[in-house]
Ligand code: NI
Ligand code: MN
């Protein structure tokens, strides 16, 4: 029972859950901080939180090469099918689905969600991923919202929160989010990729340590963190 989390910069993560490989928001091409070429990635599943290009990213190309299944909202799933994705799971906000080694529940996110060609992308989402003996909350691109407390009631081991500001929560609101979600561990994302979202993650991490009960985990692009029993 273990999860290995590798940050691919921006909101892109590679997760290994009990040996199953998943990608979240695989924005590699055009991501100036991407640590690996996209051809190094061999996921079973790709989760896409919303339609924006910096989240759909390389999904279509990765699926064409690997045959990975996708998990996104209904509208994005329809768009992916039009782009050749055969195994597109279309969930929607509030719904949970069981993929065997993990369940994925779709949360709300306060943001927008048009697709790269201007198509309607439905509502933006976050995910509660339960598997490998742990529960993760990936907030997606979102503003702070009070109902993060309800997500916290589910018992979150590790939360992924945007801290970049400008397009999403910034440092202040991401600290407030930690007090609502009450995770054991929290990991920052969606920062430093582009000039408007430059942040010093160390400043945010110091505030998380001093103002909340959570432990911050700041990764460099390409760096990993493992959740295993006792950790
Ligand atoms: Ni976005
Ligand atoms: Mn974004």
Restricting to the range 154-165, name every residue that is assigned to a loop (DSSP other than H, G, I, E, B), under 17 Å from residue 217 (Cβ atoms) and away from ligand 2 (no atom under 16 Å from the Cβ).
156, 157
Taking the range 107-119 and the residues there that are surrounded by fewer than 18 Cβ atoms within 10 Å (Cβ to Cβ) and touching a residue at least 60 places away in the same chain (Cβ under 8 Å), the one that is farthest from residue 177 (Cα to Cα) would be 119
Please find, among 58, 40, the residue that is farther than 26 Å from residue 184 by Cα, modelled with pLDDT of 95 or more and within 16 Å of ligand 2 (Cβ to nearest atom).
58
Those residues of the range 43-55 which are buried (at least 16 other Cβ atoms within 10 Å of the Cβ), more than 14 Å from residue 9 (Cβ to Cβ) and within 12 Å of ligand 2 (Cβ to nearest atom) amount to 48, 49, 50, 51, 52
Of all residues in the range 33-64 being in contact with a strand residue (DSSP E or B) (Cβ under 6 Å, 6 or more places away or on another chain) and within 16 Å of ligand 1 (Cβ to nearest atom), the one that is nearest to residue 21 (Cα to Cα)
47
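Mind telling me which of the residues 19, 30, 67, 84 ends up being within 16 Å of ligand 2 (Cβ to nearest atom) and out of contact with any strand residue (DSSP E or B) (no Cβ under 8 Å at 6 or more places or on another chain)? Spell out how you get there, then give the answer.
Details: 19 fails: within 16 Å of ligand 2 (Cβ to nearest atom); 67 fails: within 16 Å of ligand 2 (Cβ to nearest atom); 84 fails: within 16 Å of ligand 2 (Cβ to nearest atom).
None of the others qualify; the one that does is 30.
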Regarding the range 50-69, can at least one residue be identified that is part of a helix (DSSP H, G or I), farther than 26 Å from residue 123 by Cα and touching a residue at least 12 places away in the same chain (Cβ under 8 Å)?
yes
Which pairs turn up if I take residues in the range 172-191 that are at positive phi and look for partners that are part of a helix (DSSP H, G or I) with beta carbon separation below 8 Å, at least 6 apart in sequence or on another chain?
182/152; 190/197
List the number of the failed condition for residue 180; all other conditions in (1) touching a strand residue (DSSP E or B) at 6+ places or on another chain (Cβ under 9 Å); (2) surrounded by 14 or more Cβ atoms within 10 Å (Cβ to Cβ); (3) closer than 26 Å to residue 2 by Cα hold.
(1)
So, of the residues in the range 130-153 that are in a loop (DSSP other than H, G, I, E, B) and touching a residue at least 40 places away in the same chain (Cβ under 8 Å), which turns out to be farthest from ligand 2 (Cβ to nearest atom)?
133
Starting from residues that are buried (at least 22 other Cβ atoms within 10 Å of the Cβ) and within 15 Å of ligand 1 (Cβ to nearest atom), keep the ones in the range 153-174 and report whichever is nearest to residue 225 (Cα to Cα).
160
If we ask which residues in the range 50-74 are closer than 21 Å to residue 222 by Cα and touching a helix residue (DSSP H, G or I) at 6+ places or on another chain (Cβ under 6 Å), their number turns out to be 1
Since residue 215 meets every condition but one in (1) surrounded by fewer than 18 Cβ atoms within 10 Å (Cβ to Cβ); (2) under 22 Å from residue 102 (Cα atoms); (3) in contact with a strand residue (DSSP E or B) (Cβ under 6 Å, 6 or more places away or on another chain), which condition does it not meet?
(2)
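For the condition at pLDDT below 95, touching a strand residue (DSSP E or B) at 6+ places or on another chain (Cβ under 9 Å) and surrounded by fewer than 16 Cβ atoms within 10 Å (Cβ to Cβ), what is the one hit in 228, 223?
Result of the check over 228, 223: 228.
The values are calculated or read from the model by the stated rules, or taken from the named source; none is laboratory data. All of these numbers come straight from a predicted model, not from anything done at the bench. Every residue, glycine among them, receives a Cβ derived from its backbone with ideal geometry; neighbour counts consider all protein chains shown.
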